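Visitor: My structure is below; once you've seen it, I'll send some questions.
Where a number appears in this text, it was derived from the coordinates with a stated rule and is not lab data. The structure presented is a predicted model; accordingly, all values stated were derived computationally and were not measured. With ideal geometry, Cβ positions are generated from the backbone for all residues, glycine too; neighbour counts draw on all protein chains shown.
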Amino acid sequence: MTAITLNDGTSIPQFGFGTWQIPDAQATDRVAEALDIGYRHVDTAQMYGNEDGVGRAIAASGISRDELYVTTKLNNNNHAPDRAIASIDDSLNRLGLDYVDLFLIHWPLPTIDIDYVDTWHAMEEIRGSGKARSIGVSNFPAECLRRVIAGGSRVPVVNQIEVHPYFAQDALRAVNAGLGIATQAWSPLAQGQVFDDPVLAAIAGRLGAPVSAVVLAWHLQRGDIVFPKASNAERIRENFSAREVRLSPTDVAAIDALDAGRRIGPDPETFAWVPAEEV
Ligand SMILES: NC(=O)c1ccc[n+]([C@@H]2O[C@H](COP(=O)([O-])OP(=O)(O)OC[C@H]3O[C@@H](n4cnc5c(N)ncnc54)[C@H](OP(=O)(O)O)[C@@H]3O)[C@@H](O)[C@H]2O)c1
């Protein structure tokens with residue numbers, strides 16, 4: 001499986017399985033299906049409420065730990081450094097793991113009264129403890145990245161951001177690359193919106209490949225890390241087939257031209273949702 005080398009010398013499988021909106025009760029079966037199909041990289045988060053289910057699938061898989069890549073993310077109510085440090089133990093307990101491969105600050109929350117640079121210092125401490133092999137960020141605009149790098153002692157290994165054909169994010173991807181940070185593309189299928197697109201359908205029809213695989217191949221050829229989510233084994237398998245699809249420069253240009261600067265998710269500059277409950 002193609003792997004991307006990160007700025008701390010570790011490597012991450014470029015293709016993974018996303019688990020947002022998979023309830024805990026279903027996460028075990030979905031992740032088990034993904035692992036059975038050949039996925040070796042799973043993306044979860046404290047916010048998703050399914051680390052237990054993900055962990056059960058990992059435990060039952062029998063796959064050796066060093067062949068798996070597991071990411072989780074710090075919830076928005078855990079930005080205070082002491083809470084961040086305690087929360088990784090909770091995540092590891094739920095996942096049934098001794099360490100995660102990657103731990104991310106899920107959202108920068110630049111308008112709340114806890115400075116994400118202080119949170120980053122806690123992330124660095126967590127990495128030092130060995131409970132996360134690598135640390136990174138998610139949804140960080142360029143200015144937030146620069147503040148974290150100026151105020152911290154480590155550069156995030158990844159910035160996980162919304163990227164899909166309608167929101168190609170080339171400016172922020174270039175900033176990431178310039179700082180040595182790999183881009184992870186969340187909602188790579190635009191949460192299902194790509195399936196109604198005539199341009200994508202035409203490319204898929206000509207190549208004899210599913211629309212999902214065409215879009216995911218576009219991400220892979222751009223060098224981004226992806227982890228589409230799907231709710232049944234057929235779709236999980238279909239998405240995995242993207243690794244065999246090769247797009248011509250003409251097809252890539254046609255997909256590039258779909259960029260409309262249109263977000264699906266919240267704007268990280270203003271997003272400030274903090275869950276009240278303990279997670
Ligand atoms: N860091 C962040 O803030 C953030 C935010 C959002 C997402 N993420 C991560 O990124 C992952 C992927 O993003 P996402 O879950 O938002 O959306 P996505 O992967 O772009 O799209 C998932 C949607 O596409 C459908 N789908 C997937 N494969 C399909 C196929 N082969 N044929 C037809 N429909 C298909 C799914 O339907 P069914 O489920 O019904 O099969 C679901 O509705 C998440 O799971 C999560 O791990 C991170």
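Visitor: I need the phi-derived Karplus couplings for the stretch 143-153: 6.51 cos²θ - 1.76 cosθ + 1.60, θ = phi - 60°, integer Hz, Gly and Pro marked x.
Guide: The phi angles translate into 5, 5, 4, 5, 5, 5, 5, 5, x, x, 10 Hz.
Visitor: Quick check: residue separation of Arg65 and Val252 times 0.36 nm, minus the Cα distance between them. What number comes out in nm?
Guide: On the way: separation 187, 0.36 × 187 = 67.32 nm, distance 3.59 nm.
My answer for the length gained is 63.7 nm.
Visitor: So, one more: If one takes the longest principal axis of the Cα atoms in the chain, at what angle in degrees, from 0 to 90 and to the nearest 10, does the Cα axis of helix 211-222 lie?
Guide: For helix 211-222, the angle is close to 60 degrees.
Visitor: Also: Given R₀ = 30 Å, what would the calculated FRET efficiency be for Arg243 paired with Asn93, taking r from the Cβ atoms and rounding to 0.05?
Guide: So, using R0 = 30 Å, E works out to roughly 0.35.
Visitor: Counting pairs of Cα atoms in the chain, how many percent are more than 26 Å apart?
Guide: On the way: 15321 of 38781 pairs.
The proportion of pairs with Cα distances above 26 Å equals 40 percent.
Visitor: Report the full-extension gain for the segment Asn232 to Ile112: residue separation times 0.36 nm, less the Cα-Cα distance, to one decimal in nm. Walk me through the intermediate numbers first.
Guide: Details: separation 120, 0.36 × 120 = 43.20 nm, distance 3.80 nm.
Additional length available on full extension: 39.4 nm.
Visitor: Here is a further query. Among DSSP beta bridges lying fully in the chain, give the percent that are antiparallel, nearest 5.
Guide: Bridges in the chain are about 15 percent antiparallel.
Visitor: Still on this structure, I have one more. Placing +1 at every Lys and Arg Cβ and -1 at every Asp and Glu Cβ, with all other atoms neutral, what dipole size does the chain have around its Cα centre, in debye to the nearest 20? Before the final figure, lay out each step's value.
Guide: Numbers: 23 positive and 36 negative charges, 128 e Å.
My answer is approximately 620 debye.
Visitor: Still on this structure: Calculate log10 I(q)/I(0) of the stretch 179-279 for q = 0.19 Å⁻¹, where I(q) comes from the Debye formula with a single equal point scatterer on each Cα and nothing for solvent.
Guide: Once normalised to I(0) and log-transformed, intensities are -0.99.
Visitor: Continuing with this model, one more query. Could you work out how much longer the chain between Glu125 and Asn7 gets when fully extended? Use 0.36 nm per residue separation minus the Cα distance between them, nm to one decimal.
Guide: On the way: separation 118, 0.36 × 118 = 42.48 nm, distance 1.77 nm.
Fully extending the segment from Glu125 to Asn7 adds 40.7 nm.
Visitor: Using the Cα centre as the reference, give the magnitude of the dipole from point charges on the C-beta atoms of the stretch 91-220 (Lys, Arg: +1; Asp, Glu: -1; all else neutral), rounded to the nearest 20 debye. Working shown, then result.
Guide: Working: 9 positive and 12 negative charges, 68 e Å.
Here the stretch 91-220 has a charge dipole of around 320 debye.
Visitor: Compute the angle between helix 51-61 and the longest alpha-carbon principal axis of the chain, please, reported from 0 to 90 degrees and rounded to the nearest 10.
Guide: 70 degrees
Visitor: Based on the mean of other beta carbon atoms within 10 Å per residue, what is the order of 11-17, 188-194, most packed first? Show your work: numbers first, answer last.
Guide: Working: 11-17: 21.1, 188-194: 19.4.
In descending order of packing, they fall as 11-17, 188-194.
Visitor: Then there's this: Give me the dipole magnitude in Debye, nearest 20, for the stretch 23-111 about the Cα centre, with unit charges on the beta carbon: positive for Lys and Arg, negative for Asp and Glu. List each step's numbers first, then the result.
Guide: Values: 7 positive and 14 negative charges, 36 e Å.
With only Lys, Arg, Asp and Glu charged at Cβ, the dipole is about 180 debye.
Visitor: Gaussian network model of the chain, Cα springs within a sub-10 Å range: biggest mean-square fluctuation belongs to which of Gly96, Gly152, Gly128?
Guide: Gly128
Visitor: Right, something else. Under the Kirkwood approximation applied to all pairs of distinct alpha-carbon atoms, what is the hydrodynamic radius of the stretch 233-279 in Å?
Guide: That comes to 15.0 Å for the stretch 233-279.
Visitor: Sort 41-51, 129-139, 249-259 by packing, meaning the average of other beta carbons within 10 Å per residue, with the highest value first.
Guide: Details: 41-51: 24.0, 129-139: 20.8, 249-259: 14.8.
Top to bottom by mean Cβ count within 10 Å: 41-51, 129-139, 249-259.
Visitor: Now, a different point. May I ask for log10 I(q)/I(0) of the stretch 120-222 at q = 0.13 Å⁻¹, from a Debye sum over the Cα atoms as equal point scatterers with solvent left out?
Guide: Taking Cα atoms of the stretch 120-222 as identical point scatterers yields -0.56.
Visitor: Can you tell me the relative contact order of the stretch 159-279? Whole percent, Cα pairs under 8 Å, sequence separation 6 or more.
Guide: Working: 141 pairs, mean separation 36.4, N = 121.
Relative contact order for the stretch 159-279 comes out at 30 percent.
Visitor: Provide Rg over Rh for the stretch 29-88; use the alpha carbon set for both Rg and the Kirkwood Rh (inverse mean inverse pair distance). Kindly include the intermediate steps, with their values, before the conclusion.
Guide: On the way: Rg = 12.9 Å, Rh = 12.4 Å.
Rounded to two decimals, Rg over Rh is 1.04.
Visitor: Report, for the stretch 142-237, the % of DSSP beta bridges that are antiparallel, rounded to 5. Please list the in-between numbers first.
Guide: Working: 1 of 8 bridges.
Just about 10 percent of them are antiparallel.
Visitor: Next question, about the same structure. What does the helix-only formula give at 222 nm for the chain: each DSSP H stretch with n ≥ 4 adding -39500 (n - 2.57), the total divided by the residues, and the result rounded to the nearest 500 deg cm²/dmol?
Guide: Values: 10 runs with 111 residues, N = 279.
Helix contribution divided over all residues of the chain: -12000 deg cm²/dmol.
Visitor: Could you order peptides 157-164, 53-60, 230-237 by the average number of other Cβ atoms within 10 Å of their residues, highest first? Please list the in-between numbers first.
Guide: Details: 157-164: 24.6, 53-60: 20.6, 230-237: 15.5.
Packing proxy ranking, top to bottom: 157-164, 53-60, 230-237.
Visitor: Sticking with this one: Rounding to the nearest 10 and keeping the result within 0 to 90°, find how far the Cα-based axis of helix 198-207 lies from the longest principal axis of the chain.
Guide: 70 degrees
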